[in-house]
Amino acid sequence: MGTKGTAGAKGSAGSKSEHGISRRGLLIGAAVTAVGTAALARTKLEHAWWRLPGVDKPRKPGELDYARAEWIAASTANWRRADRPADYDIDRVVIHVTQGSYRGAVKVFQSPAHGAAAHYVVRRDGHVAQMIRELDVAFHAGNRSYNERSVGIEHEGFVDRPQDFTAAMYASSARLAAAICGRYGIPVDREHIIGHVEVPGTDHTDPGPHWDWDRYLKLVRTAAASPTKGPGDPTPPS
Ligand SMILES: [Zn+2]
């Protein structure tokens, strides 16, 4: 198909390129191209700022991405400075289970010897600790590109103990996940909210078969629909 119209199309394209574009048009075109190249170079530089020695983005100690969390800094050995979402798009939330206590998870994430940590740890009673800023890359998924594109949430407990996953924990984690999804425009579904077990190349099994995905996703959707309301919310200053 299409052989019939070829000759005609060729003819009209030829006449346009010879007479249709003025000298002024060409000059404007050249200027636009130069500006575009400069902007592209600047963007590339901004995206790579963390690779440059002596360049460091200013940040305030103790600053939170999630207002309901308590800030407890992880060891700098367990994450990498970045400028997400400017340098890496964030399109995944990765759900973990600590295989231990909240206290134990916080302690190992503070240890430079551990070599891994998640952005958040959710306690059995729903308390949330933020240990790494969302703009930084936490070493939690065991997969470089998944670390770069995701926010990791740890949950206190063991994969083989369904009783560890309390209603308070589900509700609190769901509010947190909804806030993360809202910030970066991440769809609330099982393609974008995944278990550590689903990260390519991982040998981890968390959150395990007892993590109630249907219940969790429903709670995330509810929280996403009314992000400003929730039980136990602090009263905002007027
Ligand atoms: Zn995990």
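Would you work out if region 156-205 is rounded, prolate or oblate? Take a ≥ b ≥ c from the square roots of the eigenvalues of the alpha-carbon gyration tensor; rounded if a/c is under 1.5, else prolate when a/b is larger than b/c, oblate otherwise. Taking the square roots of the gyration eigenvalues as a ≥ b ≥ c, region 156-205 is oblate.
Going by a ≥ b ≥ c, the root eigenvalues of the Cα gyration tensor, does region 95-238 fall in the rounded group (a/c under 1.5), the prolate group (a/b larger than b/c) or the oblate group? Working shown, then result.
Working: a/c = 1.32, a/b = 1.30, b/c = 1.01.
The shape class here is rounded.
Per-residue 3J(HN,Hα) values for region 165-181, derived from phi via the Karplus relation 6.51 cos²θ - 1.76 cosθ + 1.60 with θ = phi - 60°, read 8, 7, 4, 5, 5, 4, 5, 5, 5, 5, 4, 5, 4, 5, 5, 5, 4 Hz in sequence order (x marks Gly and Pro). Taking the charge dipole of region 70-225 about its Cα centre, with +1 at Lys and Arg Cβ atoms and -1 at Asp and Glu Cβ atoms, the residue from 216, 111, 159 reaching farthest to the positive side is 111.
A cut-off under 10 angstrom between Cβ atoms defines the neighbours of residue 158, and their net charge, with Lys, Arg +1 and Asp, Glu -1, is -3. For region 146-162, backbone phi angles converted through the Karplus equation (6.51, -1.76, 1.60; θ = phi - 60°) give residue-by-residue couplings of 6, 4, 5, 9, 10, 10, x, 10, 8, 10, 4, x, 10, 4, 9, 10, x Hz, Gly and Pro being listed as x.
For region 139-191, which GluC sites (Glu not before Pro) pass both filters: DSSP loop (anything but H, G, I, E, B) and at most 15 other C-beta atoms within 10 Å? Taking region 139-191 and a limit of 15 other Cβ atoms within 10 Å, the loop GluC sites (Glu not before Pro) found are 191.
Throughout, read-outs are computed from the coordinates displayed, never taken from laboratory work. Only a predicted model underlies this, so the values are computations on that prediction, with no experimental measurement involved. Glycine also receives a Cβ, built like all others from the backbone with ideal geometry; neighbour counts cover every protein chain displayed.
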